[in-house]
Structure formats: structure tokens, C-alpha cells
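Note sheet for the following structure.
The values are calculated or read from the model by the stated rules, or taken from the named source; none is laboratory data. These numbers were taken from a predicted model, which means no experiment stands behind them. Because the Cβ atoms are built from the backbone with ideal geometry, glycine has one as well, and the counts that use them run over all protein chains shown. Accessible surface areas use protein heavy atoms only, side chains included; no ligands, DNA or RNA. Shrake-Rupley method; radii C 1.70, N 1.55, O 1.52, S 1.80 Å.
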Amino acid sequence: MTAEKATGSALQAPRGQTQKKTFCRICEVHCGLRVDVDAKGALTGIRPDHEHPVSQGYVCAKGTRFLEVANHPQRLTHPLVRQPDGTYQPVSWKEALDYFKARIRPILHASGPHAIALYLGTPVIHNALGALAYVGLARALGTRNMYSVGSQDNDSKIVASRLVHGNEWIVPIMDLEHADFALLLGTNPAVSQGTYMHLRGGTTAFDRFKKRGGELVIVDPRRTESVKRWGGHVPIHPGTDIFLLLALLHELRDLSRPNARVSGLDELLQLAAEYPAERAARLTGIPLERIRELSSSIRQAERATFFLSVGVNQGPFGTLSAVALQTLAYLSGNFDQEGACCFSRGALYSAGCSN
Ligand code: SF4
């Protein structure tokens, strides 16, 4: 069952309750939600918002299940301290903070602030005060080691955009709505939208894409839910996506044209020359003819778009893969135009680009 079907579609609040519009904060796609609130102000239901201009009623399995998290008997609602025997003892907030200070101070004293790392989950990232408190705590401790879900999910893309465009805001987004070819690596959009994906109607965008004859290629070691739903599977050995991307760059190197605004492309193509399709086939496990077919599809596509996500970001060459993917889009003429890899106006504004 698809996530959007599992959540139901009723728009009316149950009798005696009011309905409010909000959005899911579990990931940065921010799918629209409607929540039912009873007379005492308690949440009693969460449903997809079919009138949301972007998500249009799409939610993944997580979005509307949050009440189960909020009401779960094992939800942490007060501090617990782990005991030597492995059990947990409830303590007051004052005791918890005293415990924290007693544990942290000796570490700071003995090893310095960078011996301490902080990690921020998405719900706190999407909470203004929580995010500010996180930064405040890191500064108070003096540690440079700040991690978040982005460290696993998308930091490599952000660093790649800083390398490619000089600004971390300028991360390309697929224009799947107008593309006729799409290459996806390490992502499983049938289960949940990806970071920097933002599709109209969520995963239904892929249904529309397939319906109008778009060619979808999904590179993934696993036969994912997306592969089962849309096909186009290219199995690959885990962590070897970079070799496929370099091989594709090498196959398409003849498309390179001098451009005064571009530097470093020759160096990247020199690196790509070390990974011709034959070598990439051995490294990735993808048959040589399939790699050649892929490069030919990209070459022939009128409008091709490219996307990689967590499966590649977490691999050994996440940042280089993101640079190579952007280069593939540029080299094949699929950068910053309809049906290609595009840049949102909001990101350009944030980056200080005036045009
Ligand atoms: S894709 Fe899922 S987790 Fe992300 S915002 Fe939408 S409903 Fe929430």
C-alpha cells in the first residue's frame, strides 16, 4: 500500500472538533497537513492537506503517524539516567542538568571542547528556539563538532554546491515535471520525498513522469520500493556510484566547450579519464553495455534531470559524487533550464544572486 493511500483523504474534522492547517516537520519537504483539535485543545488526528499548493495531499508514512509517536507509551517525557545495571531511573530536570554538568566538565577539562560532539535531529531543526539553543550550547561548550541529520543526508550536496557555485545555497533541484529522462542514485522516493526534491504531489510526480513516457533510471544496490513501482533498476555495488558518474563524464567529454565562467572542468575530466566505462563496469558491477546505454540516453535526451541522495551522500565519495552529478548536468546541457537541474529563486536570493 502506498503511503498516501494508507493515510486516508477525508478533509472534514470529526464532529465537535476544529481543523487547523499545518505542515509536517519531519523532513524539510514540509508536506501540508490538517490536524483535528478537540474542545480541550488536544490533537486527535492528523491528515494530509489536499489543498496544499505543493504536496497536494501527498504524505509519506511518517507524516500522519506522528500522533502515534506523541502518544506512544514509551515516549520520553521526562529525563532518565541509565544505571550501571542498564535500567533507567527517572530524575528531575535539575538532577538531569547536574548530571550533565558533572559528566561534561571533566571531559572539557581533560580533552578540550572538541572532545564533545552535538547532534541535532530534524524536529529540533524545525523548531526555531530549539535550533537557536543548539547553536548556543555548542558555542558555550566551544566545540566545532556539530552534527545533524544533514550530516548523513545532504551535507555533501551543500559542500559540493559551495565548490561548484561558490555558495552552499545553490543546490540544484530536479524539474521532473518537464524532463524526459531522469537519473536517480541512492534515493527511494516511493517511500518518502528526498531532501532537495520538492515535487508537486510528492511521489505522484514520478507516476506522471512515467505516464507521459519519461525514462527513469534508478541506480541502487537494493531493489527498492521505487524500483518495484516504476522500474528502471540499475543495480550497483554499494559505495561505487562515483565510478559510474566519472565514467559517464568520460563518455560525454566531447560535449565540453570553452566557457569563460567555468573553471576546473578539465581537471575533473582528467580524473574521469582514469575511470573509463570498462573500468567502471568492473568497479560498480554494472555491465559495460548498460553504462554505454546510460550515456547514450543522457546524450540523446532533450531534457534530462539528475538526482542523488542519502545512499550516495553517506558513501565514501559523497561530495565528489555531488560535484560529478552537477558536472554531468552541465556537460550534457541540462543545467538551469526547463526539464533539467534547476535552481530555486529562493535559494538564489539567499545566495545573494541578483539575476
Ligand atoms: S515526505 Fe514524509 S516526512 Fe517528509 S515532510 Fe512529507 S510527510 Fe513529512
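May I ask you to verify whether ILE158 is under 30 Å from GLY112 (Cα atoms) and open to solvent by 10 Å² or more (accessible area, probe 1.4 Å)?
Details: under 30 Å from GLY112 (Cα atoms): yes; open to solvent by 10 Å² or more (accessible area, probe 1.4 Å): yes.
Yes.
Taking the condition open to solvent by 50 Å² or more (accessible area, probe 1.4 Å) and assigned by TED's automatic domain parsing to the domain that holds MET197, does VAL310 pass?
Values: open to solvent by 50 Å² or more (accessible area, probe 1.4 Å): yes; assigned by TED's automatic domain parsing to the domain that holds MET197: yes.
For VAL310, the condition - open to solvent by 50 Å² or more (accessible area, probe 1.4 Å) and assigned by TED's automatic domain parsing to the domain that holds MET197 - is met.
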Could you count how many residues in segment 44-65 are under 22 Å from GLY16 (Cα atoms) and among the hydrophobic types (A, V, I, L, M, F, W, C)?
1
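So that you can scan it fast, the table gives a plain yes or no per residue for (1) of a type outside the set (Gly, Ala, Ser); (2) touching a Pro at 6+ places or on another chain (Cβ under 6 Å); (3) more than 29 Å from ASP153 (Cβ to Cβ); (4) modelled with pLDDT under 95:
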| site | (1), (2), (3), (4) |
| --- | --- |
| GLN74 | yes, no, no, yes |
| VAL81 | yes, no, yes, yes |
| LYS94 | yes, no, yes, no |
| PRO106 | yes, no, yes, no |
| HIS114 | yes, no, no, no |
| HIS126 | yes, no, no, yes |
Any idea which residue in segment 23-59 is least open to solvent (accessible area, probe 1.4 Å), counting only those that are part of a strand (DSSP E or B) and under 22 Å from VAL149 (Cα atoms)?
GLY32
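State whether the residues of segment 81-97 include one that is part of a helix (DSSP H, G or I), hydrophobic (A, V, I, L, M, F, W, C) and surrounded by 12 or more Cβ atoms within 10 Å (Cβ to Cβ).
The answer is yes, given that some residue of segment 81-97 is part of a helix (DSSP H, G or I), hydrophobic (A, V, I, L, M, F, W, C) and surrounded by 12 or more Cβ atoms within 10 Å (Cβ to Cβ).
Which members of segment 24-39 meet the condition of being within 16 Å of the ligand (Cβ to nearest atom) and over 20 Å from LEU120 (Cα atoms)? Talk me through it step by step, then tell me what you get.
Looking only at segment 24-39, we keep the residues that are within 16 Å of the ligand (Cβ to nearest atom), and these are 24-35.
CYS31, GLY32, LEU33, ARG34, VAL35 - these are the residues of segment 24-39 that are within 16 Å of the ligand (Cβ to nearest atom) and over 20 Å from LEU120 (Cα atoms).
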Out of all the residues in segment 304-340, which are in a strand (DSSP E or B) and within 15 Å of the chain's Cα centre (by Cα)?
PHE306, PHE307, LEU308
